[in-house]
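Below is one structure, written out as structure tokens, with a few remarks after it.
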Amino acid sequence: MYTEKEAARTGVAGWVKNTRGGTVVGQLQGPADAVERMKSWLDRVGSPGCRITRTTFSNERPLSALEMSGFSTRY
């Protein structure tokens, strides 16, 4: 819920999912500055009660057009 709200505030599309191993995976798309703001929030703030020990962002590439719209939490 908090990540969805932050994604809407920053203007990114994508999704997140909590894994059985206690980590979070996901995908972000949007303007480069918005993606960077969201990555910073995920790295430094996160949802209340979360414990961030490490963040890894991979497979970054420019897109000519977004491949998804909105932001959701997957279960």
Hey, what does the equivalent ellipsoid look like for the chain, semi-axes from the Cα gyration tensor as sqrt of 5 times each eigenvalue, largest first, whole Å?
19, 13, 13
Length added when fully stretched, residue 5-residue 50, from 0.36 nm per residue minus Cα-Cα:
14.6 nm
Provide the per residue accessible area, probe 1.4 Å, for the chain, rounded to a whole number of square angstrom.
76
From the backbone phi of segment 27-44, what are the Karplus-calculated ³J(HN,Hα) couplings (6.51 cos²θ - 1.76 cosθ + 1.60, θ = phi - 60°) in whole Hz, Gly and Pro given as x?
9, 10, 9, x, x, 3, 5, 5, 5, 5, 5, 5, 4, 4, 4, 5, 6, 10
Distance in nm between label sites at residue 72 and residue 40, each 7 Å beyond Cα in the beta-carbon direction?
3.0
Could you tell me which residue out of 1, 48, 30 lies farthest along the dipole of the chain toward its positive end? Charges go on the beta carbon: Lys and Arg +1, Asp and Glu -1, centred on the Cα centre.
48
Quick one: Cα centre-to-centre distance for segment 38-75 and segment 1-35, in angstrom?
4
Of all the accessible heavy-atom surface of the chain, with the other protein chains kept in place and a 1.4 Å probe, what percent is carbon and sulfur?
49
From the protein chains alone at 1.4 Å, what is the descending order of accessible area for 58, 69, largest first?
69, 58
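The values are calculated or read from the model by the stated rules, or taken from the named source; none is laboratory data. In this text, all values refer to a predicted model and were calculated from it rather than measured experimentally. Here the Cβ is made from the backbone with ideal geometry for all residues, glycine too, and neighbour counts use every protein chain on show. Calculation scope for accessible area: heavy atoms of the full protein, side chains included, ligands and nucleic acids excluded. Shrake-Rupley method; radii C 1.70, N 1.55, O 1.52, S 1.80 Å.
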